[in-house]
Structure formats: C-alpha cells, structure tokens
Amino acid sequence: MAADLSLIEKSATDILKLLKKDEVSPLDLLDTLEARIAAVDGKVNALPTLCFDRARKHARALMKRPKEGRGLLMGMPVPIKDLTDVEGVLSTQGSPIFADHVPTTSNILVENLEARGGIVYAKSNTPEFGAGANTFNEVFGRTLNPYNTKLSAAGSSGGAAVALATGQAWLAHGSDMGGSLRNPASFCGIVGMRPSPGRVATTPGTKIDASLGIEGPMARTVADLALLLDAMSGDDHRDPRSLPAPRRSFRAALRSGWKPKRVAYSPDLGITPVDPEVKEITRKAAERFAGAGVTVEEAHPDFSEVHECFGVLRAYAFAVTKAELLRTHRDKLKPEVIWNIEKGMQLTMAELARAEAQRQAMLQRALAFFDSYDLILTPATIVAAYPVEQRYVAECDGFTFPDYVQWLSIAYAFTTVSSPALSLPCGFTRDGRPVGLQIAARPHGEDRILAGAKMLEDVLGLDTVKPIDPRG
C-alpha cells in the first residue's frame, strides 16, 4: 500500500481500529507520515530529526508478533520530544552542547512506549533544555505556528503540538514543568495533558525525586489523548516515583458516564493578568457546562505565594541539573538558561525551606478546594499566539512581567500543587488564533479531567481532529 494521505484526517482511535483489523499496517502509516512530513514540515519545522529506517525496522519486528502480542498501540507511530533520549537517534535537547549527541540507550519512557507497540519515527523540536515557552534553538531554528506561520507555537513541546496540528502525527509525546504541554496545545488547537507526578515512568535525572517536570501525552482529541496516556502509564522499578497503572483505564474513564457536579472557573487564579479576549472565550466555554446541569461558579484556591515558590524551586532544579554545563559550556547556553542556573546557585537554605513550606501550604489549600469542586477551569495561557520573533511574553494587559517565566503562572500554579491539568481547544480569537481552556483536578484526578474534557469537547464541537495545512 502506498502512502494514503487521507489517513492523516483520521483520529488515532480510528487508526488503531484499522490496525486491529489489518486494514492498514504500521509500515503503511510510516509511509503516509513520511509523505506528509515531506509536504508540510518545511513550512513549520516541527520534526527536525527523522528516523524512518529505525522505525521501519521496529515495525517489521512488531508485525512478526501475533496481534495479541503487539501491545496497546499496535504499531502506532509516535514522535518523541527532543529533550528525551532515543537510542541511536540524534537527541540534542535543543542545545549546541549536544548538537551531535547520539545516545546508546533510550529513556525508560521510550522503552516502555516501544514495548507497548509505539513506533518512534521522529524527534520533535524544543527550546534549549525546554526553557522559555517559545520553541526555537540554535541547533534547528524556530518552530512556527501552523495557524499563522508568523506566530509562535509556544513551548516547550512546540514541535509536538505543531506536528499534530498539521497531520504529521496522530499522537505525540511531550513534557511539562511550567506549562510546556499545555501552552503549545493552547496555541496550536490540540489537546495536551500534564499528568500527576509519577503517572508516567521516566529515567530519573540528577534529582531522583523531582516532581516539577513531568512527561505526558498530546493528541488532537481527548479520546486519543486517553489512549496515549494509557500506553504511557504504569510503574517501573527503575523510576522510584512511578505509580502503578490505574485499575480502570483512562479510555474506560471516558465511557464511564461520570460528569462533574460542581466546577469552578477562574479567569486568572488571582495571580496574573489575562488578555481580555482570552478571558471572554474561556469563560463562555466554561459556562457550557451549565447547559449539561453542572454548577459553574467563579472561584479558585489561594495561590498567593506561587510566584516566589515556583521561581525558587525552578531555579533550584536548573542549578541541580545544569550547573556543570554552565561551568564548562557557558558560551553555548542561551541567556534565559544562564539566568535560571545562576539564580539557583545563589539560593540560600532559608529560601529553599521557605519555598517548600509555601508549596505545602498551597497544596493543602488546593486539596481543600477540590473537596468542594470536582474540576477547576481557567485559560490555559493568558494570551493567544504572539509573534515568533518575541522570545517570551513580556507584557499583558498593561502589566510588565519581572522575568521570562512569570507569564506562565496560570499553568505553573497547578504544577506546584501536583495537580494534573489539560489544555482543551475551546475557541478562536477574532483573527483566528486558537485558545485553550485549562481543566485541572486534585492529584491523581486524570480520570475526572478526561471525562469532563470529553463532555465539553462534544458540546463545543470544534472538530480539531482534522489537521490543517500551514498558513502564512
């Protein structure tokens, strides 16, 4: 079978059905993706590193197994974000320091995805070390927003989001600390989810118990995202943070019939300016829950310490993981990364203790809040896509941010309290830029988020399952 470009318009869930019926093979899917990438990626730069020879080798080996032994994904192709090592494939972390790095082993996440039937065929673009919510780097250049290629795709999972939006992927891997799954999902009109810490096993870094940075799924629909989250989930003895897979699959959670009784909407969590049009679009989307008999109230937990707390913990994470690179390769690091490492190295024990106490206090308040509300809804980002030349959002609605991180606080507030959170397409600005609605729940509440998101996705009917051709 030659490349069939009509397949790119199908959902991952439908592609999986075709795989199970042997109506398409993993090799057919790779041929289709290779043709689609050749046609569109030159306009957006989402997947700068391809590994189709490796992918076809894995696909052929998988196809020799009986169907019941092919894993949940059955040969579904998945691109891996370029922060995550794939054995034998260029893995740069978006940094000139690792521009020629080809690892000899894969990250645990990649090993598990491949064991469950995923086929890795590409690495998706990311900013250097995932820092800064705009996907550009000195190795591969900028990734461009497919809705308007003059605009940012956000980041740091920008390449993954753009690949999905343009039909170069049915499913994609991403990661998130301060919104790196949710921001590009919002800017590119797809679905991205930051799961609870430990939900997805991954190779531990320098800080074994790190819980700010999390791996997660991206897709064009909620059902597709649940499929990939099921494939990603499960414990692994090599990652002491990892959680057992839930008793009920996340796909089953979508079919459970559960719906929230009471949800909160907050335009700003009381901590950030938000573009007025983004506020209006997300508020209207949240209010659609009311039509299904759900109580919608304006409320939010108290996140008043979050800027100081997250700023300290993020800087500490950079110092722990990147101090040696600053010492040996300072000339190759971008200014924002240097600033974050140096800030971390200057921290005192008193500042770290204060940040941990603030985090604990915010967690307790958030848990109490979720005793009253099943879900909380907010804008996923405080603005829609901005010009790609702009390194980050420096100002919003008359407020100037003190650094390159704080504009992300509506996302990192939930990171700080270990809440899972999802970005769902919920509308478009008057000039056609996508806007995402963030849906968050208590820790380990992914099933509630997915059921609520599917319910709202059906009501909104935006039909973002169909990919777009890049627009200049």
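Would you be able to say whether some residue in region 264-287 is outside any loop (DSSP other than H, G, I, E, B), among the charged types (D, E, K, R) and free of Cβ contacts under 8 Å to residues at least 12 places away in the same chain? First the steps, then the outcome.
Taking region 264-287 and keeping what is outside any loop (DSSP other than H, G, I, E, B), we get 264-265, 276-287.
Add one more test, that the residue is among the charged types (D, E, K, R), and what stays is 277, 279-280, 283-284, 287.
Among the residues that remain, those that are also free of Cβ contacts under 8 Å to residues at least 12 places away in the same chain are: 280.
Yes, because at least one residue in region 264-287 is outside any loop (DSSP other than H, G, I, E, B), among the charged types (D, E, K, R) and free of Cβ contacts under 8 Å to residues at least 12 places away in the same chain.
Give the residues of region 147-200 that are part of a loop (DSSP other than H, G, I, E, B), more than 21 Å from Arg241 (Cβ to Cβ) and among the small types (Gly, Ala, Ser), sorted by residue number.
Our first condition is that a residue be part of a loop (DSSP other than H, G, I, E, B); within region 147-200, this holds for 147-150, 153-157, 166-170, 177-181, 189-190, 195-199.
Add one more test, that the residue is more than 21 Å from Arg241 (Cβ to Cβ), and what stays is 147-150, 153-155, 166-170, 189-190.
Ala153, Ala154, Gly155, Gly167, Ala169, Gly189 - these are the residues of region 147-200 that are part of a loop (DSSP other than H, G, I, E, B), more than 21 Å from Arg241 (Cβ to Cβ) and among the small types (Gly, Ala, Ser).
Looking at region 419-457, which of the residues that are touching a Lys or Arg at 6+ places or on another chain (Cβ under 9 Å) and polar (S, T, N, Q) is surrounded by the fewest Cβ atoms within 10 Å (Cβ to Cβ)?
Taking the candidates together, the pick is Ser419.
Filter region 195-215 down to the residues that are surrounded by fewer than 20 Cβ atoms within 10 Å (Cβ to Cβ) and either within 20 Å of His444 (Cβ to Cβ) or free of Cβ contacts under 8 Å to residues at least 40 places away in the same chain (or both) and list them by number.
Of everything in region 195-215, those that are surrounded by fewer than 20 Cβ atoms within 10 Å (Cβ to Cβ) and either within 20 Å of His444 (Cβ to Cβ) or free of Cβ contacts under 8 Å to residues at least 40 places away in the same chain (or both) turn out to be Pro204, Ile208, Asp209, Ala210, Ser211, Leu212.
Restricting to region 11-39, what's the tally of residues that are in a helix (DSSP H, G or I), more than 22 Å from the chain's Cα centre (by Cα), more than 18 Å from Arg251 (Cα to Cα) and not hydroxyl-bearing (Ser, Thr, Tyr)?
11
Being in contact with a Gly (Cβ under 9 Å, 6 or more places away or on another chain) and modelled with pLDDT under 95 is true for just one of Ala133, Ala115, Ala153. Which residue is that?
Working: Ala115 fails: modelled with pLDDT under 95; Ala153 fails: modelled with pLDDT under 95.
Of the residues listed, the single one that is in contact with a Gly (Cβ under 9 Å, 6 or more places away or on another chain) and modelled with pLDDT under 95 is Ala133.
Yes or no, residue by residue, for (1) within 29 Å of Asp302 (Cβ to Cβ); (2) over 19 Å from the mean Cα position of the chain (by Cα); (3) β-branched (Val, Ile, Thr); (4) open to solvent by 20 Å² or more (accessible area, probe 1.4 Å):
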| residue | (1), (2), (3), (4) |
| --- | --- |
| Ala169 | no, no, no, no |
| Met193 | yes, no, no, no |
| Pro217 | no, no, no, no |
| Arg248 | no, yes, no, yes |
| Tyr265 | yes, yes, no, no |
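Residue-wise test of (1) at pLDDT below 95; (2) among the hydroxyl-bearing types (Ser, Thr, Tyr).
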| position | (1), (2) |
| --- | --- |
| Asp230 | no, no |
| Ser233 | no, yes |
| Arg238 | no, no |
| Ser249 | no, yes |
| Ser256 | yes, yes |
| Pro276 | no, no |
| Lys284 | no, no |
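For region 2-17, which positions are open to solvent by less than 50 Å² (accessible area, probe 1.4 Å), of a type outside the set (A, V, I, L, M, F, W, C) and within 13 Å of Leu164 (Cβ to Cβ)?
The answer is Ser11, and nothing else.
Scan region 123-135 and tell me whether some residue there is aliphatic (A, V, I, L, M) and either open to solvent by 10 Å² or more (accessible area, probe 1.4 Å) or more than 24 Å from Gln406 (Cβ to Cβ) (or both). Give the derivation first.
First pass over region 123-135, keeping only residues aliphatic (A, V, I, L, M): 131, 133.
Keeping just the survivors that are either open to solvent by 10 Å² or more (accessible area, probe 1.4 Å) or more than 24 Å from Gln406 (Cβ to Cβ) (or both) gives none.
No, region 123-135 contains no residue that is aliphatic (A, V, I, L, M) and either open to solvent by 10 Å² or more (accessible area, probe 1.4 Å) or more than 24 Å from Gln406 (Cβ to Cβ) (or both).
Among the residues of region 49-69, how many are hydrophobic (A, V, I, L, M, F, W, C), surrounded by 19 or more Cβ atoms within 10 Å (Cβ to Cβ) and not in a loop (DSSP other than H, G, I, E, B)? Quick ask: steps written out before the conclusion?
The first filter runs over region 49-69 and keeps only residues hydrophobic (A, V, I, L, M, F, W, C), leaving 50-52, 55, 59, 61-63.
Filter once more, keeping what is surrounded by 19 or more Cβ atoms within 10 Å (Cβ to Cβ): 50-51, 55, 59, 62.
With the extra rule that they be not in a loop (DSSP other than H, G, I, E, B), the set shrinks to 50, 55, 59, 62.
The qualifying residues number 4.
Go through region 112-146 and give me each residue that's more than 17 Å from Asp85 (Cα to Cα) and assigned to a strand (DSSP E or B).
Those that are more than 17 Å from Asp85 (Cα to Cα) and assigned to a strand (DSSP E or B): Phe136, Asn137, Gly141, Arg142, Leu144.
From the set of residues in region 282-328 that are among the hydroxyl-bearing types (Ser, Thr, Tyr) and surrounded by fewer than 14 Cβ atoms within 10 Å (Cβ to Cβ), which is nearest to Leu363 (Cα to Cα)? First the steps, then the outcome.
Initially, region 282-328 is screened for residues among the hydroxyl-bearing types (Ser, Thr, Tyr), giving 282, 295, 304, 316, 321, 328.
When the remaining residues are screened for being surrounded by fewer than 14 Cβ atoms within 10 Å (Cβ to Cβ), the result is 295, 328.
Details: Thr295: 24, Thr328: 37 Å.
Per the criteria, the residue is Thr295.
The values are calculated or read from the model by the stated rules, or taken from the named source; none is laboratory data. Only a predicted model underlies this, so the values are computations on that prediction, with no experimental measurement involved. Please note: Cβ atoms are built from the backbone with ideal geometry, for glycine as well, and neighbour counts cover all protein chains shown. Ligands, DNA and RNA are excluded from the accessible area calculation, which covers all protein heavy atoms including side chains. Shrake-Rupley method; radii C 1.70, N 1.55, O 1.52, S 1.80 Å.
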